[in-house]
Structure formats: C-alpha cells, structure tokens
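For reference, the structure discussed in these notes is given below.
Rule-based calculations on the coordinates, nothing more; no lab input. Since we're looking at a predicted model, the values are computed, not measured. Cβ sites come from the backbone with ideal geometry, for glycine too, and all protein chains shown count toward neighbours.
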Amino acid sequence: MSIIDWLIVLIPLSIIIWFAVRAKRYARGVVDFLAAGRVAGRYVISVGDLTAGLSVITLVAGAEQNYQTGYGVAFWNHVLAPVGVILALLGWMTYRWRETRCLSKGQFIEMRYGSKSFRIVTAIVSTVSEMVTNAIGPAIATNFFIYYLGLPHRIMICGINLPCYAIIVALCLTLAMILIWPAGRISLLITDSFQAIMCYPIFVLIVGFILLKFSWGTDIAPTLASRVPNQSFLNPYDISQLRDFNLFAIIVTLLSAVLNRGAWIGNDTTNSGRTPHEQKMAGIFGSFRTGFSTIMITLVAITVIVFMNNGTFAKIGGRNPFKVTNNEIRRNLSAQVLDEVLDGSPKSKEISEKIAALPDVVYTPGKDAPLSQQKNLENRYLELVRAELGDTPQGRHEFQQFRTLYHQMMMPVTMGRILPVGLLGLFCLLMVMLLISTDDSRIFNAAGCLVQDVILPFYKGHLSPQKHLLILRLTSLGVSIFFFIVAVFFSQMDYIIMFTTIMCALWLGGAGPIMVGGLYTRFGNLTGAWCAIIFGSGTSLLGLIFQRNWAKTIYPWLEQMNWVEPLDKFLVTVSNPFNPWIVWKMDSVKFPINSYEVFFISMVLAVGTYILGSYLTYKPYDLDKLLHRGKYSDGETLVAEPWTLKTLWSKLIGITPEYTRGDRCFAWALFFYSVVYQFVIIFIAVVIWNLIKPWPASWWSHYFFITTLVVPGIIGIISTFWFMIGGTLDIRQLFIDLAKRVDNPLDNGQIIDGEAHNDK
C-alpha cells in the first residue's frame, strides 16, 4: 500500500484507542465493566452491535459461500426474514432475559435449575465452543491481511526467520486487549459505535466503486447465468444439485434462529439496555442498522465470481479496467497457498512452477460450456496440486488444507489487486475495524462467562469490586493467549461457515431447550437440562472429532478394516430418501456428513430428551420469582392489554403499553418492510407466480438487481444518516448517564444463600 493508504488506516485507529483509554474513568464497578452500567440507549447498542457482529471472517466466509452458490440459494433466505423480525418485535428471549436481571447465562442457569455444578459444566462447554470458534477469527483475518497486502509468510528479524502469521495474530490480539483493559463493556460499546459510524461511508464508497467498474447487464448477469442445470446462480428453482449450502442448510438455520436465540445471551450487550424495553428496541433497530454493509458484502462476493469467471478479465486491455488478470491471480494465489501449506519446502516451489506453466484460459459466458461445482475454472489447479501431493493420508490432508485456503483467500487477493490507491487503504481500515471490534467483543464475552460462571461460584463470600475487576481483566488476557494458541496451531479444514457451525454446535446442540425451557416453561428441570447437554452437545462433539480426523486417521483405518464399501452402501441407503438435499457417500478427503446435518441431529435429540427427562421428573417451577413479576415485583408492574380485535395485530408484533408513538411507528415500519415487503411481496408472491408460470433466467437477473441493490440501496442511504446521527447522540448520552450512575457493589452476579443482589 502507499503512504496515503497507511495514513488512512493509522489515524482513525489512533482515535479509536484514545476513546478506549478515555472510557476508563467511567468503569467504577462490576456492572459498569460487564454491562456498561445498564444505562445504554437503543442507538448505541444497535450501532455498536453492527461492527461487533460484522467481521473479517464474515466477509471472507460470505465470499467463499457465494462463490459456490451465487444468488440462487439466497432467494430462499427470505424465509428467515420474518422469523428474525417477529422474534425481535416480540422480544423473544431478550425481554424475559432482561427481566431476570442476571449478569450472565450461568447465573440464570443456576437460579433456574438450582445446580452450581450444572452452571459450571454449561459455562465450560459454551465457553470452549465459543473460544475455539472465535479463535479462528484472528487466524482468518491474519491470512486476509497477508494475502491482501501480499506479505511474505516468513520474515527475517535479527537473523531469526519468524512466521509473519504468528506476528500479525499477536498484534491483532494485543490491539484487542488495549481496547478491553480500560473499561470493559463501556470501552467496547463506545469504540464499536465509533467504528460503526466510520464504517457507514466506507460501505458506500466500496459499493459505488464496484458498481462503476462492473456492469450488471454486461458482466454480472451473464457470468451468473452461465451454470449447468440444477446448479443455477440465479434461478432458485434450479439448485437441487448444489451441495452443502442448500435448502436443508436454510431449514437448519431457521430452526436454530428460534431455538438458540438466547444461547449466547448475557455475555454481550444484552445486559446493557437501561430497561428491558430499551433492550428490545435496540433489537428492533438492529434490523435497519446495516445500511450498505449487506450490499457491500454481497457485491464483494459477486465481484470475485465475475472477475474470476469472465473472459473479459482474463487479459489486460479491452474492457478490463484493471492491471491484472484472473489467470494471474489464480497462479499467484496457488503459489502463496502452497508456500504456506508446505512451509516453503522445495516441493511447493516445484508445484508452483508447474502451475505457472499452465496456459491461460479465456472463458466466455454464454458461448463456452456452462460451469458447475464439479467442472469449473479452478479444477485444473486443484487437480494438479492433488496429483502432485499424492494419494496418501498426508497428501490428502495437505490437499484439504490447500483447497480450503485457496477458496478462502481468493477474495482478499482479488480485492487487493483491483482496488486503487485510497480505496485500498479504506478497505484495509474497514477490515481492521471489523477485526478489532469482533475480536475484543469475543475475548471479553468469553472472559466474562469464565469469571461469572466458572470462577465466581467458588467464592463463598462477597467478592470486592476491585478484585473482581482485576480477575476480569486478567481472564481477558488469558483468553487472548488461548486465542493466539488456537489461531497459530489449529488448522481449519472446511468452509468457514461449516467449521463455525460444527464448533458452535458443541454448545448450541444442547443449549436451545435449556434456555427456552428455562425462560418459558414451568415443567423444565435439571434432569431435562442434563439430557439436552449430554445428547445434543455430545452428538456435535462426535461429529467434530470425525470431521477433524477423517482424511488423516479415520478413513485410512476404515480402508485397513475393509469397511469403506459397506459403510458407503449404508450411508447411501440412509440418505436416499432425502436426496438431493442430503447426500451421504464415502469420500477419502471429507467426512460425508456435513456440519449442518450434524447440527440438526444434535438439536432434535436435545429437544426430545429435554422434554422427556423433565416430564419423567416433573416438578413445577415458580417463573414469576425469576422474572420479578406479580408478588415478586419491586417496581412498576405493567398492566397487560386484553386480547381483542383492536389489539390483535399489536400483540402479534409485540407492541406493549411501554411503546411510545415513535416506537409503534418503528415497529410497524419494520413489520411492513420485513414481513409484508420482504416476505409476502418479494417472496410469497414470486413463489406463487413461478408455480403458475416459471420465470426465465433474465427475469431473475432483474429481480435480484432490484431486490438486492436498488431497494436496499435506498434504505441504506436513509439508515446511514439515521444511525450516524442517532449513534452519535446516544454515545454522548451514555457518557452523561454513566457519570450520574450510582454503583451497587453487591450487584456482581454472585448468588449467596440462594439470592442475587441485582439492581433494576
């Protein structure tokens, strides 16, 4: 990058660090450090959660997934839109959670199920799952920067050959700790909000650049349309042979969205709202806050597809406005990945030379044979590498690493070569901000869970605020060291989304019924909760073990035992009724049951065993006491509105007497946009139309242009100004409210003699 690009990165980064350090004066107690004093407003929570939710790994994973599926599968994601919105409008999980006033899910679990041992076990399971999942964030981000900036994999310092990867991981985690240490959740909320405000204009600039350089009608639509039958990138009715990211994956995502909405609750900003209603409104606003971010993520993925698969960009000059070709990027990418996988050995150079000797390919969409997941422009590179690495357990393992990194790093290499000076620095700044805003939040969330749910239960008396804060800070440091170790030594062997799905399933496989049953049922009890964690999380653990050791250990052992063919017949027989969405067959490189399928089995087993175990040992639980309702209320009691024709619709979308006129407008606006427009008009109506008369590919091209660019772009312009102004004002108000807040030293998440001393 040029000096201009580096200044674009370093100056805003310095301001972010200054904000974090300045926030230290407001962290006077445990509630301040863990939950921003419970005085945060809806805008600062919503805007802060934008960058805490987005990440480098989100962008890389999105590009990796879309390179396999295009727009076709994405159409069916409209099924998810009304579910998420209705859950937000109803305050599903979040409202009742805030009523409990718990500082962590472990505190809630102990209060609800009456077992300190179960609290500790669930805390360990969820934290390990979360930490290992999130630890690959710095790993993916580090690789992103190495490939994006063209950095070497090894660097010589004082005569010592050091891995550049480990150095950058350490720098990323150090930066995250600098933001966490001063004020915990306060500094994170403030810096995340500030970063989000800076991100909004960057999203707009990146989107504008891509739309100027790539024509929808000339470049994008023809490339997306050039696919074999049943693997369309445009027609959602022609995707039956797409593997991994398909309709079944959407069904699993839908089920998890409902069941696991409260699985991670408590160790993030869900404790920070000044009231349960404010927390609920922050969730509602979250549906509007994305601005241009969603458009940018989609367009970056589409840019990679078009640039790498259109002959226009296979040669310099003509209609290619860039000084690089897709053939050149493939050769450079292959050489970089081989250098990393084979650790710079002579063999990597030998294979790279053979790749460099491959002739250029100029693919013309519409004239040449359409592409597929099985036959595409990457095949000759992947086949050459696999043949050179050999069909041994070690060779299969190395090829699996090569294939994974090749697909993941295609996006950063492409963007690093096509962006001009200025935008190169802005995109790098965006990635840095997304990196630190997610790393610091995830480190802090894991540390909070460990302290509140594993360490705190062992203290018999009340823990002083000073000692409590020190433990939180030191645990955060310990978690960051854990992140470093995992990032450096743990190789990720599958699609990013598949890996994070199976890792999260270690907790999410059993968490759903534990949290939902705890907040919404009186029959749920400790026996059912133990059954859910054993059968749900246990199944996910077995799936992870098989995936991690398949190519190098398990498959070779099955070969020795002559069990490959019988198992293949068994898997094919079991999966046949669910073809083409579920296809199980033996593979020497990859475990035949993918992460979504393992996750689904885990959730079904968890729900079933939770209900069965709870009813076999039934004993009703007093929910009113947990939720501070009825005779246990120590504040204003809300009067429930009766169900009438007049209040029916308001109740269905979660409007309560707490709503102001403005709140009602926002709730109805979100309902009409997400349910009426996104679900009824551009999904249900289109589905019905296609049942009567199927659309040609050209119609689907126009459909996606309007629904993914034009309409979201208009809303993005409005929300960009809306949340920039609202977020700025709310940050100022947060400082004022924190300065006035009176700390209660007893409110720290401890349960002493069966009671928790929680403030409102």
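Farthest towards the positive end of the charge dipole of the chain, among the residues Ile718, Leu171, Ile3, is the Cα of Ile718, using unit charges on the Cβ of Lys, Arg, Asp and Glu.
With the cut-off at 24 Å, tell me which of the pairs Lys315/Lys367; Lys105/Lys280; Lys24/Lys467; Lys280/Lys625; Lys213/Lys323; Lys375/Lys569 have Cα atoms farther apart than that. The answer is Lys375/Lys569. The modelled label-to-label distance for the pair Leu254/Leu205, using points 7 Å beyond Cα in the direction of Cβ, is 4.1 nm. One Cα centroid belongs to segment 549-590, the other to segment 457-481; the line between them spans 47 Å. Give me the net charge for the shell around Leu377: Cβ to Cβ below 14 angstrom, other residues only, Lys and Arg +1, Asp and Glu -1. So the environment of Leu377 carries a net charge of 0. Among Trp689, Trp507, Trp584, a tally of other beta-carbon atoms within 10 Å of each Cβ gives an order, fewest to most, of Trp689, Trp584, Trp507. Compute the helix-to-body angle for 379-389: its Cα long axis versus the longest principal axis of the chain, expressed 0 to 90° and rounded to tens. Once rounded, one gets 90 degrees. The length gained by stretching the chain between Ile15 and Ile554 to full extension, at 0.36 nm per residue less their Cα-Cα distance, is 189.0 nm.
Ellipticity at 222 nm from helices only: DSSP H runs of n ≥ 4 in the chain, each -39500 (n - 2.57), divided by the residue count, give -20000 deg cm²/dmol. Shown in residue order for segment 353-361 are the 3J(HN,Hα) couplings computed by the Karplus curve 6.51 cos²θ - 1.76 cosθ + 1.60 at θ = phi - 60°: 5, 5, 5, 4, 7, 5, x, 5, 10 Hz (x for Gly and Pro). About its Cα centre, the dipole of segment 322-418 is roughly 280 debye, where the only charges are +1 on Lys and Arg Cβ and -1 on Asp and Glu Cβ.
Which of the lysines could be linked to Lys460 by a straight reach, that is with a Cα gap under 17 Å, when you skip same-chain ones fewer than 8 residues away? Excluding near neighbours in sequence, the set is Lys116. The chymotrypsin sites (Phe, Trp or Tyr not before Pro) found in segment 13-45 include none that occupy coil by DSSP while having at most 15 further C-beta atoms within 10 Å. Amide H contacts of Leu371 (H built 1.01 Å from N, in plane; Pro and chain starts excluded): Arg227, Val228 sit under 5 Å, all sequence-distant by 5 or more or on other chains. Across all C-alpha atoms in segment 322-418, the radius of gyration and Dmax reach 13.7, 41 Å. Taking the longest Cα principal axis of the chain as reference, the axis of helix 393-408 is set at about 80 degrees. Give me the log10 of I(q) over I(0) for segment 512-637 at q = 0.09 Å⁻¹, as the Debye formula computes it from C-alpha points; what are the numbers? Relative scattering, expressed as log10 I(q)/I(0), comes to -0.42.
Taking Rh as the Kirkwood radius computed over C-alpha pairs, what is the Stokes-Einstein D of the chain at 20 °C in a medium of viscosity 1.002 mPa s, expressed in µm² per second? Estimated diffusion coefficient is 78 µm²/s.
Highest average first, the peptides 427-433, 439-445 ordered by how many other beta carbon atoms sit within 10 Å of their residues are 439-445, 427-433. In straight-distance terms, cross-link reach from Lys552 covers every one of the lysines whose alpha-carbon lies under 16 Å from its own, apart from those fewer than eight places away in the same chain; here that gives Lys590.
Over segment 322-418, Cα pairs under 8 Å with separation of 6+ residues give a relative contact order of 39 percent.
Residues with beta-carbon under 12 Å from that of Arg319, excluding Arg319: net charge, scoring Lys, Arg +1 and Asp, Glu -1?
Here the count lands on +1.
For segment 1-120, taking Cα atoms only, Rg and Dmax work out to 20.4, 60 Å respectively. If you take all other residues with their beta carbon under 14 Å from the beta carbon of Met411, and give Lys and Arg +1 and Asp and Glu -1, the sum is 0. Loop-located chymotrypsin sites (Phe, Trp or Tyr not before Pro) in segment 537-576 (DSSP state not H, G, I, E or B) with no more than 16 neighbouring Cβ atoms inside 10 Å: Trp563.
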